[in-house]
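Asks: First the structure, then my questions, so here it is.
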Amino acid sequence: MIDYTEKIPNNVDLGRDRVLQRALEHWQPAYMNWWYDMGPSESHALEVYLRTATSVEPDGWAQFGYVRMPEYRWGIFLQPRDAARQVNFGVHKGQPAWQEVPGEYRSTLRRVIVTQGDTEPASVEQQRLLGMCCPSLYDLRNIFQVNVEEGRHLWAMVYLLHRYFGRDGREEAEALLERRSGDVDNPRILGAFNEPTPDWLAFYMFTFFTDRDGKFQLCALAESGFDPLARTCRFMLTEEAHHMFVGETGISRILQRTCEVMKEHKVENASDVRALGVIDLQTMQKYLNFHFSVTIDLFGSDASSNAASYYTTGLKGRYEETKIDDDHVLQNAEYPVLEVSGNKIITRRVSALTALNERLRDDYIAEIQGGVDRWNKIIEQAGVSFRLTLPHKGFHRAIGNFAGHFISPEGEVLTKEAWENNRDKWMPSAADQKFVQSLMTGRVIEPGKFANWIAPPIRGVNRQPLNFEYVRFN
Ligand code: BYC
């Protein structure tokens, strides 16, 4: 069980290590200052129907209740230790999993933990204004749930930095509160986390696409030979599932509403659809193209010596490493990667070790495709002929083999000029963004009411009705 009598709730027996406890209690007010500055705007007095973990067991999510977000009990929760756990891949395969950081991997491991940790506050910063134009109390509650859990994921990484990396770790923990999403001088580390999330369509796309990068990266880190990292990522994954649910169902509900209106008014043309106050499917495709492309950049380069060394040294595994039937060393294995040769895209087989980012990206894309198929079912069932598609992997890439090339969504290699001429057909244009923004005026906060551009969900949170007061404004 998690001890909530402590100033910092935890299941790591924090009270036994006074020095660590004091260091974290020192970081806590800095975290709160960050939350007051960069957390959801004008939200501090609201009472939000949130879930809080009571234990790390599967039934530990039973607790729902009203909480003012600054009073949310952010804490440190690790999956219980399995004393028999081993390093399952790389050169240390078969050795007992490490309970302390191996000295030679200290700086690499710290960098991975910092990169992971940096994304968590970044996403809260990106979403901070969205509460001001929520489409319903249900959605407002959901974004707040996502935000407090991203805050907790930051705590998870900060615990590791403080507990295992001494002074460097404490400095990194402070820096995590200093960088800011989109700041020119001190930005967040990874590209997608410096992009704005200006509207709810972008928010649902982000939670569907980018939170799922979170899932795949956490799954890879949950395989780590460094056991405390593996155990903390396992628990984070249980929280991540809800974020992806919010994204997938959010887009489903927008599609459903748009299709309903298209059928009811017998319109197909994007401008006629817009005139009825719902988001046209062409705009949804453009948002999809943007979020998919910036998110697949987050997996890193197709050929990466960093990725090879993370794996060989046992720090970061593959997706579902222990379920894969091979030698888990990969010295002689190969993997296909794409690259541009002249005006064609070709496949080349390279060392499987250097291609590990690409492999994780492919695992991710397979899962994303499943979600897009489910969205298309909604459109199909409504009797509308439009279909959403994933753009080619090379489209609009800034990292890896396709960076610097101009690839169409269909996978043709274009000149810069040809690509730029089509940009607004493929990606949200200023006019598209302005249109979506025009729907985001004011917040819908009457219980049971939903903005015109989105359908209600199938069911409420924790079996509550849709007209439940998910957020109290008092
Ligand atoms: N933008 O060999 P390379 C989540 C850097 S999301 C900017 O290509 P590597 C969440 C890279 O850092 C999951 N820079 O890649 C979701 C490196 O720089 P340094 C976050 C980039 O190192 C929603 C250089 O390029 N977790 O949790 O194999 C809401 C060459 O690197 C980018 C993680 O990412 C980019 N897109 O792999 C809330 C897991 N891509 O070090 C939360 C931890 C690469 O030479 N991170 N670079 O200065 C990692 O495992 C790896 O750092 C990466 C990159 C997979 C990101």
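Asks: Can you tell which of 386, 395, 402 is more than 30 Å from residue 93 (Cα to Cα), within 13 Å of the ligand (Cβ to nearest atom) and in a loop (DSSP other than H, G, I, E, B)?
Replies: When all the criteria are applied, what remains is 402.
Asks: Go through (1) modelled with pLDDT under 95; (2) within 30 Å of residue 443 (Cα to Cα) one by one and return the number of the condition residue 54 breaks.
Replies: (2)
Asks: Can you tell me which residue in segment 343-374 is nearest to the ligand (Cβ to nearest atom), limited to those that are outside any helix (DSSP H, G or I) and without any contact (Cβ under 8 Å) to a residue 24 or more places away in the chain?
Replies: Restricting to residues being outside any helix (DSSP H, G or I) and without any contact (Cβ under 8 Å) to a residue 24 or more places away in the chain, the top hit is 352.
Asks: Can you work out which of the residues in segment 97-140 that are within 18 Å of the chain's Cα centre (by Cα) and among the charged types (D, E, K, R) is nearest to the ligand (Cβ to nearest atom)?
Replies: This residue is 120.
Asks: Under 9 Å between Cβ atoms, at least 6 apart or on separate chains: pull out the pairs that start in segment 299-318 with a residue that is at positive phi and end on any residue that is hydroxyl-bearing (Ser, Thr, Tyr) and within 6 Å of the ligand (Cβ to nearest atom).
Replies: Cβ pairs passing all conditions: none.
Asks: Looking at segment 242-259 only, could you name the residues that are among the hydrophobic types (A, V, I, L, M, F, W, C) and out of contact with any Lys or Arg (no Cβ under 9 Å at 6 or more places or on another chain)? Quick ask: steps written out before the conclusion?
Replies: If we filter segment 242-259 for residues that are among the hydrophobic types (A, V, I, L, M, F, W, C), which is where we start, we get 244-246, 251, 254-255, 259.
Answer for segment 242-259, where residues must be among the hydrophobic types (A, V, I, L, M, F, W, C) and out of contact with any Lys or Arg (no Cβ under 9 Å at 6 or more places or on another chain): 245, 246, 251, 254, 255, 259.
Yes/no matrix, rows are residues, columns are (1) within 28 Å of residue 135 (Cβ to Cβ); (2) surrounded by 24 or more Cβ atoms within 10 Å (Cβ to Cβ); (3) within 9 Å of the ligand (Cβ to nearest atom):
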{"position": "178", "(1), (2), (3)": "no, no, no"}
{"position": "182", "(1), (2), (3)": "yes, no, no"}
{"position": "185", "(1), (2), (3)": "no, no, no"}
{"position": "198", "(1), (2), (3)": "yes, no, no"}
{"position": "208", "(1), (2), (3)": "yes, yes, no"}
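Asks: Looking at 268, 264, 239, which one is more than 16 Å from the ligand (Cβ to nearest atom) and in a helix (DSSP H, G or I)?
Replies: 264
Asks: Determine whether residue 192 is farther than 14 Å from residue 291 by Cβ, of a type outside the set (S, T, N, Q) and near the ligand (Cβ under 10 Å from one of its atoms). Show your work before the answer.
Replies: On the way: farther than 14 Å from residue 291 by Cβ: no; of a type outside the set (S, T, N, Q): yes; near the ligand (Cβ under 10 Å from one of its atoms): yes.
For residue 192, the condition - farther than 14 Å from residue 291 by Cβ, of a type outside the set (S, T, N, Q) and near the ligand (Cβ under 10 Å from one of its atoms) - is not met.
Asks: Now, a different point. Just name the residue that is modelled with the lowest pLDDT out of those in segment 441-470 that are surrounded by 17 or more Cβ atoms within 10 Å (Cβ to Cβ), within 25 Å of the chain's Cα centre (by Cα) and more than 23 Å from residue 379 (Cβ to Cβ).
Replies: For segment 441-470, the residue satisfying everything is 443.
Asks: When the residues of segment 38-64 are narrowed to those that are touching a helix residue (DSSP H, G or I) at 6+ places or on another chain (Cβ under 6 Å) and among the β-branched types (Val, Ile, Thr), which ends up surrounded by the most Cβ atoms within 10 Å (Cβ to Cβ)?
Replies: Step by step, filter segment 38-64, then rank; the result is 48.
Asks: Kindly indicate whether any position in segment 331-350 is surrounded by 20 or more Cβ atoms within 10 Å (Cβ to Cβ) and over 22 Å from residue 209 (Cβ atoms).
Replies: No: segment 331-350 contains no residue that is surrounded by 20 or more Cβ atoms within 10 Å (Cβ to Cβ) and over 22 Å from residue 209 (Cβ atoms).
Asks: Which members of segment 278-312 meet the condition of being away from the ligand (no atom under 13 Å from the Cβ) and either assigned to a helix (DSSP H, G or I) or touching a Pro at 6+ places or on another chain (Cβ under 9 Å) (or both)?
Replies: Answer for segment 278-312, where residues must be away from the ligand (no atom under 13 Å from the Cβ) and either assigned to a helix (DSSP H, G or I) or touching a Pro at 6+ places or on another chain (Cβ under 9 Å) (or both): 281, 282, 283, 284, 285, 286, 287, 288, 289, 290, 292.
The values are calculated or read from the model by the stated rules, or taken from the named source; none is laboratory data. Remember, it's a predicted structure, so these values are computed and weren't measured experimentally. Counting neighbours? That spans all protein chains shown, and the Cβs are built from the backbone with ideal geometry, glycine included.
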